[in-house]
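The values are calculated or read from the model by the stated rules, or taken from the named source; none is laboratory data. Treat the numbers as computed from the prediction; the structure is a model and nothing was measured. Using ideal geometry, Cβ is built from the backbone for each residue, glycine included, and neighbour counts are taken over all protein chains shown. Note: accessible area is taken over every heavy atom of the protein model, side chains too, but ligands, DNA and RNA are not part of it. Shrake-Rupley method; radii C 1.70, N 1.55, O 1.52, S 1.80 Å.
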Amino acid sequence: MTQTTVLLLGAVGVLGVGLYGLLRLRNLIQIIVALQILAKAAVLALVVAGKASGHVNLGQSLAVTVIVADTVIAVVGLALAVQVRRRLGTLDVKALATLRG
Amino acid sequence: MVIPAFIWLIWLPLLGAPLVYLVGRLLSGWLARWTALLLLLAAWLPFAATWQAFARHETVAYSLGQVTLQVDGVSLLITAVILTLTPLIVLYSAHTLDGADGSEKYNAMLLAMGGSMIGLSCATDLFNLWLWFEATAVTSYLLVVFYHQQPASLEAGVKYLVQSVVGSVLVLFGVALVLAQSGTLSLTALRQQATPSPLLLAACALFAVGFGVKIALVPLHTWLPDAHAQAPSGISALLSGIVIETGLVALLRAMAALTAVTHTWGLLLLMLGAVNMLVGNLLALPQTQVKRLLAFSSISHIGYMLTGLGIAVTSGEVLGAQGGFFHLLTHGLMKGLAFLAAGALLYGLHTAVNDHTPLTIAELSGSGWRYPLVAVALTLALLGLGGIPPLAGFMSKWQILLAGMGSQQPVLMGFVAFAALNSVLSLAYYAPMVQMVFRREMSAVVQNGRSLPLTMNLPILLLALAIVTIGLWPGLVTRLTQGAGTALLSVIGNQ
Amino acid sequence: MDALQKLMFNFFPLLFLFPLAGLLLNVANGRFWHKPIAGIIASSAAGLSFVVAILQWVALLRQPDGTVIILGTWLQVGTLNVPFAFQVDTLSVTMMLVVTGIGTLIHLYAIGYMYGDPGVTRFFVYLNLFLVAMLLLVSAANYPLLFVGWEGVGLCSYLLIGFWFDRGEGGTGNANAGRKAFVVNRVGDLGLILAMGLLFWQLGTLTFDDVFAQATAVFPVGSPLIVAITLLLLLGAAGKSAQIPLFIWLPDAMAGPTPVSALIHAATMVTAGIYLIARSHVLFALAPVSQTAVSLIGASTALLAATIATAQFDIKRVLAYSTISQLGFMVAAIGMGAYVAGIFHLITHAFFKALLFLAAGSVIHGLEHGGHSDPVTLQDMGQMGGLRQRMPITFAVYLVGALALAGIPPLAGFFSKDEILAAAWQANRAVYIMLTLAAFATAFYMGRQVWLVFMGEARSETAVSAHESPPIMTIPLLILAALAIVGGGLNLPGVHTLGHWLGHTLGHGELLSFNATVALTATLLALLAVGLAYWLYGRHPLGAAATDPLTQRLGPLFVLFNQGWWVNEMVEWGIKRPFCHLSTVLAHSDEAIFAWAERQLVHTVQRGTAVLRRTQTGQLNWNVAGIIVGLLLIWLLLRFS
């Protein structure tokens, strides 16, 4: 097993942690954290991919870009969470299930 | 280096967005709106220039460092739809926004979203595809939760955001896999270099799912009815009319580059399309709220586009791609119109009297006599969506059907027959709505309904005219759809 | 083509423009005008359109080979080129004359019938829209354009059946009837679409002239493909023209206002299927199997519907089933290649069935103003009786219509029905026997109806206070009655005016000689049936609360007929219906299977919808699970395909 494979598998593992979190968590803040974990898995994968293919610079610059984009998402998500808490008085996503069927 | 005209297609709206925001913030919302409108109309100039250059078979591209943006037939089609719908929606939303806090953000976001979608359609490498895709998504989250006082909008926004981010991370993971395996992200390079490998196959699946969340492929569709029904009506029109379709374009671009990895992706499109048509239609049937019903119908319409494109990918039938893109165009106009008309009624019957409950189908009763223009427009849009000739929707579905029949492959003929069957099924929910609109008895809300401003009626009228015109003379847009179809096939043709 | 003829063809677009202008005028100004004006505008539009149709006819008289009028390009996709092209030939002009002529009379009648209805403007808008669509259907020169009209008339039919959407069973009965018609029709439409797809695939064109010219070269006689195409066309025709197994929508369609029943569901729209087959006769000639299927379906529909009509009590339902039965006659005729006979019957049927429906409307109208307004009582023949003295004109014209339908010489129905029977005698004895039995039942149920409605004593308060309708309604009735009397002159045996005329389009050669045996048998049977009706209903007129004497005579059969062979209930209840009832029906298991399948389909759709709705939980975690499952599914698909 090469180093690259191990690292990629590690990224997949982090991805799995994030997805598992999204399946199980109910608090909106925790869900946003899970999303961040997901994004970090992708960042890790990009860096590994850059190294594996010999384009270290490319991989790292992509990773930096993703981190920026990712922060924007976190900001928007947290702003939403603030609104949800203010309007609904809770952060439990079970309360966010009025639209169905 | 000469900056080509087409780059202004992206810069005008993108740079215009902060300008509009500042004008709205510092001067007045009124001025901001007109600035946005003017900028969008001005964007038709570079569009015309690009169109001409393209028609002369010039390569219309622009490079900044390693990033290249290039126009092809698909980008032209997408841009045309964006530049048609967005200004109409700026106009349409004018009245509802008056007094609402944050109206300057609304128009700025609209511009930014339009610009990023045009950018997406011109991207030439996988990472840029993702980046523009992400930019579109962020602006659309903010637009969906524009009414952040409404708990339902917030709920829709949260679901949309979480699912969409999961999708985009999956795409990014796919990008990483492609980079690791082949060392390049350029679509053209990939097309020549990519060879079958498990990693690239996984990347294909990740792209299909990641972009699939945005296109609302079943079973990734669960966010769509919430977001499209709860967003402000103008935004619903854009989301259904063009945003999910740009996701489709992104998917096509990514998959087409990896055609060598999986030759069966055309079949995948067809199967996903069939499921989408059926599930979308079945879920639309029992709906009681107008906008939610329209949202579910978008899921089924994506299915028709996938069918047309799937035929093209499988059989190399250019008519299929043309039909799929034609349906993208007609659906954009028809669904846009349907949402605008439904939104106008929602405004007249509910919002204007400070009632923020959704508009139900039963409440439409008799609205045709109170709002004749909107009702006729809604009818045209619905019947068009249902595929009643000679409206635009029939023409595009018809073209897809012809492509399937013309391919002379039993499997493809089966798929288009299934599509025709679904089209029949869909009338079971469109027709009762039409009937309801023209009932003699007015529902209580219709009797108390407010009149509609000109800024709402005008875009509705223009879109309705466009639908009828395209239905009668589909030849008017053939060059656009043909260009897009050829562009797709030239990419996958040399496999 | 000489200059005068060319000039007259130049007027062709006005055929559509007049009704179009009428409907636009009404849409734009309907709210501001005094109500009756809408009717006058719509009627003038229809009348002017009729004049244009006459011009086309005159033009064809000078040179009957017809022409194709191209008004512009419409669809140009790949190799497919579909222009806005219109076929003006003897067949289409005949249809135009029927549609606009009968249409004008019915528009006029509707002014009186719909007087005072709050939705009268909407009604006339729909009616004019229907004319436009129907004219498009009969004059199109290619299948896609025909299909536009085909869908248009279906839409108008849907809108007009549900016109009084707030009436009917449980307040939604009429709206449901409309939806039923629409959905059943769409099943037929699917057949038409697929047939077009196959034709385009094989021939690369959808223009009538090219399709017919190439079909004979491309398809060997009886090849599976042409059989499939013609059977799909037949499915389309069966939906529109209410043939087995798609006829269940037509009786329910009577929920619409009576002028609509007369115009759309008797005289014109329902004949579109017959027109379609006649127009595609070249294709059917290549598929003898399909032709046999067409004539058998037609004949069995004719018989089945005629038996049902004998045991109905609703005045309009009798006529509705009679229409299905007569459409069966026409379908049977064109199936046997007797196109002229089929079209001839189409024309005479349009005369006398429009007459009967309008006269029935006049009866209902007369009763309505007697104070009652419950449509069930108004249309119940058990509550009528003795209307002869109270509504003399209506009675007289109704009698004419009934005799014409019964096939009593020398009225119009005798000649056309006789031609069909004579053709069947030569072509297929089984069909002949079924049609003869159907003709016998026809004469009987019309006799029964006339006695129940007009003779004897009034059996209810409502019937006592009935009165004659205004002249705006009776004058069209008188004109139609005159046509029903002399209509047979169009194609007298030995002269064959219509035969020669249509021969220019449908091919010469099929001019049936008069068959005295057949004619005599038919006439005697008709007289016998009328006598039977007199014996049952005429000798001892029905008392106020008496039951129909037919109930005892026929026993369980009466129930069977009265319930329409339970085809509807089968569709309503599927296999839930008690088995004792089903056993009577089992002899006709094909219908049972059809009904069961349809019911199952509805069930499956509903169940599927219910299950799917549950998947839309609204729960975020569940939605993310959807993404993960989707990822796995797609990966598997890509991996193993």
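Give the residues of the range C:305-319 that are open to solvent by 10 Å² or more (accessible area, probe 1.4 Å), of a type outside the set (S, T, N, Q) and in a helix (DSSP H, G or I), sorted by residue number.
Listed by number, the list holds a single entry, C:Arg317.
Give the number of residues within the range C:214-246 that are within 25 Å of C:Gly66 (Cα to Cα), open to solvent by 10 Å² or more (accessible area, probe 1.4 Å) and at pLDDT 90 or above.
1
Name the residues in the range B:222-267 that are within 10 Å of chain C (Cβ to nearest Cβ), open to solvent by 10 Å² or more (accessible area, probe 1.4 Å) and in a helix (DSSP H, G or I), would you?
Result: B:Leu267, single match.
Is it true that some residue in the range C:157-165 is within 22 Å of C:Pro245 (Cβ to Cβ), facing chain B (nearest Cβ under 7 Å) and not charged (D, E, K, R)?
yes
Return the total of residues in the range B:414-424 being surrounded by fewer than 21 Cβ atoms within 10 Å (Cβ to Cβ) and more than 15 Å from C:Leu192 (Cα to Cα).
Selection size over the range B:414-424: 1.
With the requirement that a residue be charged (D, E, K, R) and open to solvent by 30 Å² or more (accessible area, probe 1.4 Å), what does the range C:534-557 give you? Please lay out each step first, then the result.
Just the residues of the range C:534-557 that are charged (D, E, K, R), to begin with: C:539, C:548, C:553.
Across the range C:534-557, the qualifying residues are C:Arg539, C:Arg553.
Considering only the range C:230-251, I want to know if a residue exists there that is in contact with a Lys or Arg (Cβ under 6 Å, 6 or more places away or on another chain) and touching a residue at least 24 places away in the same chain (Cβ under 8 Å).
Yes, because at least one residue in the range C:230-251 is in contact with a Lys or Arg (Cβ under 6 Å, 6 or more places away or on another chain) and touching a residue at least 24 places away in the same chain (Cβ under 8 Å).
For the range C:134-167, give me each residue that is open to solvent by 10 Å² or more (accessible area, probe 1.4 Å) and of a type in the set (A, V, I, L, M, F, W, C).
Once the filter is applied, which keeps residues that are open to solvent by 10 Å² or more (accessible area, probe 1.4 Å) and of a type in the set (A, V, I, L, M, F, W, C), the range C:134-167 yields C:Leu136, C:Val148, C:Leu155, C:Leu159, C:Trp164.
Residue by residue, here is whether (1) in the same structural domain as C:Ile347 (by TED's automatic domain parsing); (2) modelled with pLDDT of 85 or more; (3) in contact with a Gly (Cβ under 7 Å, 6 or more places away or on another chain) holds:
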position	(1), (2), (3)
C:Thr436	yes, yes, no
C:Phe440	yes, yes, no
C:Gln449	yes, yes, no
C:Glu461	yes, no, no
C:Ile475	yes, yes, no
C:His508	yes, no, no
C:Phe514	yes, no, yes
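Tell me, which residue of the range B:401-413 that is open to solvent by 40 Å² or more (accessible area, probe 1.4 Å) and assigned to a helix (DSSP H, G or I) is modelled with the highest pLDDT?
Looking at the filtered set, the residue picked out is B:Val411.
Determine whether B:Val166 is more than 9 Å from chain A (Cβ to nearest Cβ), within 30 Å of A:Val84 (Cβ to Cβ), among the β-branched types (Val, Ile, Thr) and touching a helix residue (DSSP H, G or I) at 6+ places or on another chain (Cβ under 6 Å).
No; evaluated as a whole, the condition is false for this residue.
Got a sec? Which helices (runs of 4 or more DSSP H) wholly within the range B:1-89 have at least 2 residues that are of a type in the set (Asp, Glu)?
Fully inside the range B:1-89 and qualifying: nothing.
Of all residues in the range B:136-157, count the ones that are more than 8 Å from every other protein chain (Cβ to nearest Cβ) and part of a helix (DSSP H, G or I).
Residues in the range B:136-157 being more than 8 Å from every other protein chain (Cβ to nearest Cβ) and part of a helix (DSSP H, G or I): 7 in total.
Looking at C:Arg62 and the list (1) at pLDDT 85 or above; (2) out of contact with any strand residue (DSSP E or B) (no Cβ under 8 Å at 6 or more places or on another chain), which single condition is not satisfied?
(1)
Here are B:Thr357, B:Thr314, B:Thr330: which of them is free of Cβ contacts under 8 Å to residues at least 12 places away in the same chain and either assigned to a helix (DSSP H, G or I) or open to solvent by 10 Å² or more (accessible area, probe 1.4 Å) (or both)?
Values: B:Thr314 fails: free of Cβ contacts under 8 Å to residues at least 12 places away in the same chain; B:Thr330 fails: free of Cβ contacts under 8 Å to residues at least 12 places away in the same chain.
Criteria check complete, one pass: B:Thr357.
I'd like the full set of residues that are of a type in the set (A, V, I, L, M, F, W, C) and without any contact (Cβ under 8 Å) to a residue 40 or more places away in the chain, limited to the range C:424-483. Spell out the reasoning first.
Initially, the range C:424-483 is screened for residues of a type in the set (A, V, I, L, M, F, W, C), giving C:424-425, C:427, C:430-431, C:433-435, C:437-441, C:443-444, C:446, C:450-455, C:458, C:463-464, C:466, C:472-473, C:475, C:477-483.
Within the range C:424-483, C:Ile433, C:Ala482 qualify.
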